[in-house]
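Have a look at the structure that comes next, please.
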Amino acid sequence: MKHKMLLILLFVGFAFTSCDKGDFEYEDKFKDSQEAWNRFKKQTNNTYGYTTTGSTWVGYSWQTTISVCNGKVNQRSFKYTGYPSEVNPNLELEWTETELELGSHKDTPASDALTLDEVYQRAEQDWLKKKEGHRNLL
């Protein structure tokens with residue numbers, strides 16, 4: 001639990017601070033977070049888990065839990081944590097994919113089965129990249 005809180009604090013820390021003038025938003029805080037991540041990864045032999053959440057304004061909410069063993073995603077679990085009372089009877093409310101089944105549940109709001117190294121890579125190359133014509137909302 002302590003490790004999960006550390007990771008959450010690291011991501012939140014770099015996401016809500018002032019931006020640097022580098023190639024992408026929040027570059028200095030990103031680098032600090034990435035260095036802390038690399039230390040944590042080494043301490044845990046690159047074996048960890050993390051959970052993402054999402055929701056809609058109409059009342060649906062969910063969580064996705066990703067498990068990583070030795071640097072490779074080996075499980076993805078999904079669960080609706082809130083949904084309107086008139087739920088679609090065909091809606092699968094909870095499922096788990098093992099290593100051989102990863103990505104088999106299509107067209108769901110589940111998070112992609114990414115390692116945190118891949119999350120950092122996407123953040124650096126896309127999510128935090130300064131985009132021409134877009135306003136910084138933070």
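Read-outs: derived from the displayed coordinates by stated rules, not from any lab. Just so we're clear, the structure is a prediction, and the values are computed from it rather than from any experiment. Virtual Cβ from ideal backbone geometry, glycine too; neighbours counted across all protein chains shown.
Can you figure out the FRET efficiency of V58 with W127, using R₀ = 30 Å and their beta-carbon distance, to the nearest 0.05?
0.75
What nm value, rounded to one decimal, do you get for the distance between K31 and N70 when each label is placed 7 Å out toward the C-beta?
3.4 nm
Quick check: residue separation of D107 and K42 times 0.36 nm, minus the Cα distance between them. What number comes out in nm?
Fully extending the segment from D107 to K42 adds 20.0 nm.
When Lys and Arg each count +1 and Asp and Glu each count -1, what net charge do the other residues less than 15 Å away from E101, Cβ to Cβ, add up to?
Taking every Cβ under 15 Å from that of E101, the sum is -2.
With the cut-off at 30 Å, tell me which of the pairs K41/K79; K41/K130; K31/K72; K79/K130; K42/K129; K29/K106 have Cα atoms farther apart than that.
With Cα atoms farther than 30 Å apart: K79/K130; K29/K106.
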